[in-house]
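**Q** The structure's right below; bear with me while I get my questions together.
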Amino acid sequence: MIKKYTSACILFLGLATGAAAQSVVTYHNSAARSGAYKVPGLTTAAAATVTKVTSFAPILSGHIYAQPLYWKPKGGAGELIVATENNLVYALNATTGAVIWHTQLAAPATSGLPCGNINPEGVDGTPVIDAASGKLYVNALTETGGKFAQMVYAISLADGSVVSGWPVDVQAALATAGITFSSGNQGERSGLLLTGGELYVVYGGKYGDCQPYKGTVIELDPTAHSLLGAWQTRSGGGGIWAQGGIAADGKSLYVTTGNTFTSGTYGDGESIIRLAPGLARSSSTADFYAPANWHDLDNSDLDLGGTEALPVKLMTAQGKASPHVIALGKDGNAYLVKRNNLGGIGGPATIVKVSNGQIKTGPAVYNTSTADMVAFTNPSPVGCSGTGIMMLKLVPGGHSPISVAWCAAYSGNAAPIITTTDGTANPIVWVVGAEGDNELHGFNALSGATVFSGTGTSMSGLHHFQTLIVAGGRFYVGADNTVYAFSFTKG
């Protein structure tokens, strides 16, 4: 039985912050998936001092697609938390790389999947840490006796043990609620979200779009390890597969969906969807947006849901926030809609063509007093020269609230982050050249000028969509069977 919510349950508390603020407990360091980090001393001048830490060379088992996390318990030393496609979860000493503990979950899927391009397939999406309780939540695709299961685990960060009552078998839990879910067809490469005391996990399909699958959101009670709510696209397909997956703004949850398999009746595909705790379906056009050509996007597999829907402020000239969300699609468009009224099919939206290629990696947001800046990897920019990475500027009013601030040359397919020294000063866009030059790069977030060229940072075994983090005075990047670390001299 899925729990019904009262108004008292709607309050969002945000991510728990029981550990030191320096901890990185979720994808892109924020429930809003902003990718923003405050790093005192990492000035634009100090960026030139970045150096690979050659002594940091842990030997792990498995490819790493998920973003690493950084855990610093009160009074303790920093630990790096890493999950691999072999369904192994590690805690590493963040200074030396030594393994503190490791836990083998149920075996990953290695054969018999109807489609996909990851083998073995275990942990794809970034886990999330509950800093207050010292637990890690992670979704893993498992295979036992030829049977596949999407399992959500809770792991104690003290010793790596699986918490009593876990894991939750997602397919079984949904079946109890009368909802169909096929674990072998569903993919989970989006980050898990912990907000308002509840745990959210989202699912899409796999490479090859083998059916049946649906875009699915589940809400779990971490204490009772039980299903509280679920939402699915009405049509088949509509996968939720962006790296950030689900974002929260303190009141609502936002997801984007991909192509559906339909003859022309809208069924929640190619959309930005706003959800509330409990995940009850809304029939209001205020709670979804789909472009008028959604069916054409379906037929061309040009998902609006190439990236998660990021909450942005759009500060007015009077210093007031105009809350919006922005999503970047495989059709090369940026979609900007108002958060309080998404507008329904063909509703009011600013749509700007920003790429002649497909946008598929998580963006990062830099907030200034006058504009929001959104950085993302762009394979074929429209509006400026410099193939690889683009920065958009968002301001309310004028001819269009979306303009191109700059582009820069970059070779890779990873998600950027943005650092500042205090939330505003010395803004730098950082990104690794996954499946490109495989180096670390830094760009001035205001101008696009190179502040770190990548010299001496060559890596191997990086996979597309890889997202780096910065914590404890270092950058960390997950790769095949290891994690790379880079240090810098504070300015």
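**Q** Being modelled with pLDDT of 95 or more, aromatic (Phe, Trp, Tyr) and in contact with a Pro (Cβ under 6 Å, 6 or more places away or on another chain) narrows it down to one of Tyr153, Tyr213, Tyr203, so name that one.
**A** Tyr153
**Q** If you take the residues in the range 413-463 that are closer than 22 Å to Leu310 by Cα and touching a Lys or Arg at 6+ places or on another chain (Cβ under 9 Å), which one is surrounded by the most Cβ atoms within 10 Å (Cβ to Cβ)?
**A** Here the residue is Thr419.
**Q** For the range 247-279, how many residues meet the condition of being part of a strand (DSSP E or B) and crowded, with 23+ Cβ neighbours inside 10 Å?
**A** Number satisfying all stated conditions: 10.
**Q** Any idea which of (1) among the β-branched types (Val, Ile, Thr); (2) surrounded by fewer than 19 Cβ atoms within 10 Å (Cβ to Cβ); (3) touching a strand residue (DSSP E or B) at 6+ places or on another chain (Cβ under 9 Å) is the one Thr316 doesn't satisfy?
**A** So Thr316 meets the others, but not (3).
**Q** Looking at the range 65-75, which of the residues that are outside any strand (DSSP E or B) and under 15 Å from Asp159 (Cα atoms) is nearest to the chain's Cα centre (by Cα)?
**A** Lys72
**Q** Return the total of residues in the range 154-175 being of a type outside the set (Phe, Trp, Tyr) and either in contact (Cβ under 8 Å) with a residue 60 or more places away in the chain or part of a loop (DSSP other than H, G, I, E, B) (or both).
**A** Number satisfying all stated conditions: 11.
**Q** Also, quick follow-up: Would you please name the residue that is farthest from Thr44 (Cα to Cα), looking only at residues in the range 436-491 that are touching a residue at least 60 places away in the same chain (Cβ under 8 Å) and of a type in the set (S, T, N, Q)?
**A** Among those residues, the one meeting the criterion is Asn481.
**Q** Just need a number here: residues in the range 369-385 that are surrounded by 15 or more Cβ atoms within 10 Å (Cβ to Cβ) and under 25 Å from the mean Cα position of the chain (by Cα).
**A** Going through the range 369-385 one residue at a time, the tally reaches 11.
**Q** Looking only at residues that are over 17 Å from Leu336 (Cβ atoms) and assigned to a loop (DSSP other than H, G, I, E, B) in the range 231-243, which one is nearest to the chain's Cα centre (by Cα)?
**A** The selected residue is Gln243.
**Q** When both residues are 6+ apart or on different chains and their Cβ atoms are under 6 Å apart, which pairs have a first residue that lies in the range 50-63 and is under 26 Å from Ile428 (Cβ atoms), and a second that is part of a loop (DSSP other than H, G, I, E, B) and of a type in the set (A, V, I, L, M, F, W, C)?
**A** Pairs that qualify, where the first residue is under 26 Å from Ile428 (Cβ atoms) and the partner is part of a loop (DSSP other than H, G, I, E, B) and of a type in the set (A, V, I, L, M, F, W, C), are Val50/Phe488.
The values are calculated or read from the model by the stated rules, or taken from the named source; none is laboratory data. Note that the structure is predicted; figures quoted are calculated from it, not measured. Cβ: placed from backbone, ideal geometry, glycine included. Neighbour counts: every protein chain shown.
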